[in-house]
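The values are calculated or read from the model by the stated rules, or taken from the named source; none is laboratory data. Computed from a prediction, not measured in an experiment: that's the story for all the values here. Here the Cβ positions follow ideal geometry from the backbone for every residue, glycine too, while neighbour counts run over all protein chains shown.
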Amino acid sequence: VLVQQLAQVQAGEAVALPAADNATLRDATIQQARCALVKAATPDRSLVQGVAALVECQTQTNQLAERLSRWAAEAASAARQSPAIELPSNTPEPLRELQIAWRESTVRGERLRDWLEKKVVTFAPSLGALLGPLLAARLIGVAGSLARLARMPGSTIQTLGAEKAFFAHRGGGAPPPKHGLLLAHSLVRDAPRQQRGKFARQLAAKVAIAARLDCYGGEPQGAELLSALQNTDCQRASDQSLSR
């Protein structure tokens with residue numbers, strides 16, 4: 001009962017709380033916080049955490065690979081070695097353990113990537129079909145949630161992931177960023193450099209539509225949005241430019 005009354009107070013209602021000792025109030029507030037966390041748990045929260053975990057795992061894998069390559073090269077008195085190299089029998093044990101940690105981190109990252117891709121296919125099918133599952137997951141992760149992404153205009157979506165470049169533009173007079181994470185999409189990445197900003201803007205507009213379809217329960221239309229983007233005059237101009 002006390003938990004319900006605390007929730008009413010938090011909602012702005014005038015409620016007369018019964019007399020209670022500090023321990024009772026503490027237990028009630030903890031229970032209220034747990035209930036709020038359960039209500040706040042949504043599939044995209046899990047997706048956001050998964051994206052953050054993948055980024056951290058990739059960073060760890062790259063750092064381990066860098067250290068392993070340098071150490072293996074020094075141990076063999078040779079040039080830079082691949083982290084996957086077969087280590088000789090006289091290799092120091094810590095170096096062997098470092099290679100095991102690198103392999104485990106690599107496998108962990110692959111499993112995380114597979115999980116994210118499957119999650120996006122069911123949770124955000126339109127975005128997944130338009131961007132590819134992994135890029136869609138990264139975009140939702142940077143936005144903070146699917147609902148936040150659905151409320152963003154295309155101009156904001158276009159530069160998501162380019163925050164450092166944006167603040168460099170605002171603070172130091174650097175050129176404004178023309179794209180962020182969307183550069184990873186083949187339609188933007190493979191376009192001529194002078195047209196990438198235009199392509200990113202067009203793709204961002206389609207992303208805004210796909211995010212709203214996924215967020216508000218519309219029929220998945222990611223494939224249709226992608227097809228419409230591929231058939232634009234700008235895309236045909238890009239193909240002609242690349243064929244020259």
Of the numbered conditions (1) surrounded by 15 or more Cβ atoms within 10 Å (Cβ to Cβ); (2) under 29 Å from LYS206 (Cα atoms), LEU98 fails exactly one; give the number of that condition. (2)
Is it true that LEU68 is out of contact with any Gly (no Cβ under 9 Å at 6 or more places or on another chain), at pLDDT 90 or above and farther than 30 Å from PRO125 by Cα? no
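So that you can scan it fast, the table gives a plain yes or no per residue for (1) in a helix (DSSP H, G or I); (2) touching a residue at least 40 places away in the same chain (Cβ under 8 Å); (3) closer than 19 Å to VAL120 by Cβ:
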position: LEU160; (1), (2), (3): no, no, yes
position: GLY171; (1), (2), (3): yes, no, no
position: LYS178; (1), (2), (3): no, no, no
position: ALA191; (1), (2), (3): no, yes, no
position: GLN194; (1), (2), (3): yes, no, no
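So which of VAL48, VAL38, VAL15, VAL9 is assigned to a helix (DSSP H, G or I), at pLDDT below 60 and farther than 30 Å from PRO94 by Cα?
VAL9
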Of the residues in the stretch 130-148, how many are under 18 Å from ILE209 (Cβ atoms) and β-branched (Val, Ile, Thr)? 1
